[in-house]
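These notes concern the structure reproduced below.
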Amino acid sequence: ALRPPLRGRLRPELTSAAAAASTAALGAALAAAAAAFCAGALAGGARPPQPTKRWRRLRLVARCAGGDEGAGAAAGIGPGGEGITASAAAPAPAVVVDPEVIALREEVLVLAAASSRGQTDDGAVLQRCRRAIEDLERENPTPDPAASRLLEGQWRLIYASEDPTRCSPFFWALRKRMRGISDPNPLSRAFFGGDDLLENTLAFTDLVPIKTVGVATQRLERGELVNQVVVGVFPTGESKMTTTCSYSLDPTDPSVLTLTVQKTQVLGASLAASFIDQFSFPSGEFLGDSARVRMLVTYLDDRLRIVRDADRQAACFVFCRDS
């Protein structure tokens, strides 16, 4: 029998049995695709077709959803995930999660992938994804999540309520620093429907058609958070926008981490980064008192982490453990 908080909310197809079946089905589908991929490479020497967006999305869901580890292995998904070396941080301690919550967690994973990290124009999909995230937050299995060792490790962004670059605490602090500064340009105020200078500037950059946002990650370890987002701008190529923060438990709330932005770097091999690679911008000094921001941890288990800007809780970001 379902526990009272979940009774009547989970659809029949999201029971624990169905969740296990769907994970196995994903593994089988990916295994078949991998076999066909190898067969094509051995048969004629022709270059096999490149992975589609749907393939990459299913692979991410299979890696994050949990359940049958054999299915992931059959699909060629290593236990450490892509890009994680043997020197990655040790696995976090496990937490007991009810089967019904696991099913709800899987729904979040599937909808996050279907919504392209929350960036789709499909309003119905976005609404379902937001509702599923809020439902999962109410079932957080980890007491005092900001004090838990489960926070440590490498995490990959799978959903953002706004542009994925905004998962960086630098933008949280920048909003505090520039709060109340009006946009002096009447054209941008009319076009974007607001008079906040920073928000209008960010809205403009989000509309740049030659900009792409790639993988976004956060690594938390021993009081240090490193946020990294791959950003590409044609024709300069891709760079890794990297922000380093210190973090500590908020003494007044065991669900909140206090972050202090220290520095921001541009790393990578793009044309732009070749001139400023390894350049460290002392963003903490520029931000002043605004460099300190608060991260509210609303859900945490050994696979998934949901956080919000404590001072702007509409800003929601979902991360899947990457190691």
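Just so it is clear, none of the values below were taken in a lab; they were calculated from the coordinates. Model, not experiment: these values are computed from the prediction. Quick reminder, even Gly has a Cβ in these numbers, built from the backbone with ideal geometry, and neighbours come from all protein chains shown.
Structure values in brief
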read-out	value
Region 85-243: translational diffusion in µm²/s, Stokes-Einstein, Kirkwood Rh over Cα pairs, 20 °C, 1.002 mPa s	117
Fully extended contour minus Cα-Cα distance, from Asp311 to Lys263, at 0.36 nm per residue	15.2 nm
Virtual spin-label span in nm between Thr252 and Asp121, 7 Å along Cα→Cβ	4.4
Cα→Cβ-extended label distance, 7 Å offset, between Arg131 and Thr212, nm	3.4
Glu224 versus Arg189: modelled label distance in nm, points set 7 Å from Cα along the beta carbon direction	4.5
Semi-axis lengths (Å, descending) of the ellipsoid that matches the C-alpha gyration tensor of region 92-171	23, 18, 10
Restraint check, Lys240/Lys263; Lys176/Lys263; Lys211/Lys263, Cα-Cα greater than 20 Å	Lys211/Lys263
